[in-house]
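Trainee: Sending over a structure as structure tokens; questions will come in a sec.
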Amino acid sequence: DSDLSMRTLSTPSPALIFPPNSPGFQNGRGSSTSSSSITGETVAMVHSPPPTRLTHPLIRLASRQKEQASIDRLPDHSMLHIFSFLPTNQLCRCARVCRRWYNLAWDPRLWRTIRLTGDTVNVDRALRVLTRRLCQDTPNVCLMLETVVVSGCRRLTDRGLYTIAQCCPELRRLEVSGCYNISNEAVFDVVSLCPNLEHLDVSGCSKVTCISLTREASIKLSPLHGKQISIRYLDMTDCFVLEDEGLHTIAAHCTQLTHLYLRRCVRITDEGLRYLMIYCASIKELSVSDCRFVSDFGLREIAKLESRLRYLSIAHCGRVTDVGVRYIAKYCGKLRYLNARGCEGITDHGVEYLAKNCTKLKSLDIGKCPLLSDTGLEFLALNCFNLKRLSLKSCESITGQGLQIVAANCFDLQMLNVQDCEVSVEALRFVKRHCKRCIIEHTNPAFF
């Protein structure tokens, strides 16, 4: 014990570690808590130099190996590389170890991303403290910060988003999924003050009903303000208060959209999709699954995207029939992914038209479509040779014969879902023999 000593360092604290018994920051790779005081000084254990005389050679060897293994011997660039793999909360903890680690941990190159998750995190305060520290060298702005992920932080409020909007002009990606306390006004501030924002995830934010510039920004940029929001990726899944008028405003302001997800936005109708197609002609991926008011007329509007459309989900849109599928098939020949699960109005005729016109299909979900039979599967097998994923879950009219035709022609099949289908063990074995890499999801207890 005489070979160890303690010294107290006056290293500035990032003030991000919570007081005793408070939840610590969490992230996708785990969570942790700290018993350190916010205002307390950083305390480090430091080894004193080894003794001049060591009587035993094994003790001398062990001491030399410990010196060689010391992390403090690593050069700065190696330490920065190690720190670059740490999540936000752990990086803040490293800053409390010693003065050198403090300087390295707050290197601007490590702070392109802030990632915090967890129900109990005081995320408003965390963002305020972090941005204040990151603004030290460039007063009031964080020029390096490009990504903020605070998904699942239910304590996030408009105040936290205001902090991001005011301090992070170079922000390109913002994910606030599940933060149901934020409102339109805070989102408006972010898109108005962060002109480079391209990726916005507000899924599960039930108070968000629109994406638009603030009134001040609109007046300042008028009449071209509609082209000033550079968002390309927008996820509004479970924003169930979103209506056609809100979608109209979004489309008019976010004309560069390429990826749009409106899953379970149950108030959206065909009229909203008409607005969308007027302004957003570059959409490649679109999901309106569980939008029960979308019908064949809505698919006629979506078909105006033509060859640009690669991904479409219309799952559980009960008003969609073969007519709507024919519109998509006729004009969107480069479609790669289609999810039409639960569209009970789709029959073999719709699948035939789809297979003959969208021959590059790689993923198709037509589960829970009771009017489909082996005839439809035959059309798929003879036209869509690139098919990799096929779901036929709960298609009661599908038999083993249809599966065998698919397996004999679609050699690249990697996933097949035939749960709740009346198919024989022999048919499943046939699929396994011809599609070696295929994972089969089934409910036949005799096949394993």
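Rule-based calculations on the coordinates, nothing more; no lab input. Here the structure is a predicted model, which is why all the values come from computation and not from measurement. Using ideal geometry, Cβ is built from the backbone for each residue, glycine included, and neighbour counts are taken over all protein chains shown.
Trainee: Can you flag which of LYS207/LYS360; LYS207/LYS393; LYS356/LYS393 are past 32 Å Cα-Cα?
Mentor: Listed pairs above 32 Å: LYS207/LYS360; LYS207/LYS393.
Trainee: Take each of the peptides 302-308, 147-153, 372-378, average the number of other beta-carbon atoms within 10 Å over its residues, and list them starting from the highest.
Mentor: Those peptides, ordered most packed to least, come out 147-153, 372-378, 302-308.
Trainee: Then there is this: Tabulate in residue order the Karplus-calculated ³J(HN,Hα) for segment 353-359, using 6.51 cos²θ - 1.76 cosθ + 1.60 with θ = phi - 60°, rounded to whole Hz; enter x for Gly and Pro.
Mentor: Working through the residues one at a time gives 5, 4, 5, 6, 9, 10, 6 Hz.
Trainee: Just add up the charged neighbours of PHE447: K/R +1, D/E -1, any other residue whose Cβ is under 10 Å from the Cβ of PHE447.
Mentor: +1
Trainee: What is the magnitude of the charge dipole of segment 297-447 about its Cα centre, with +1 placed on the Cβ of each Lys and Arg, -1 on the Cβ of each Asp and Glu, and no other charges, expressed in debye to the nearest 20?
Mentor: It comes to approximately 840 debye.
Trainee: Cβ under 14 Å from LEU371's Cβ, LEU371 left aside: what net charge do those residues give with Lys, Arg +1 and Asp, Glu -1?
Mentor: -4
Trainee: Something else about it: Sum up the charges of everything whose Cβ sits under 11 Å from the Cβ of THR258, counting Lys and Arg as +1 and Asp and Glu as -1, but leave THR258 out.
Mentor: Combined, the nearby Lys, Arg, Asp and Glu give +2.
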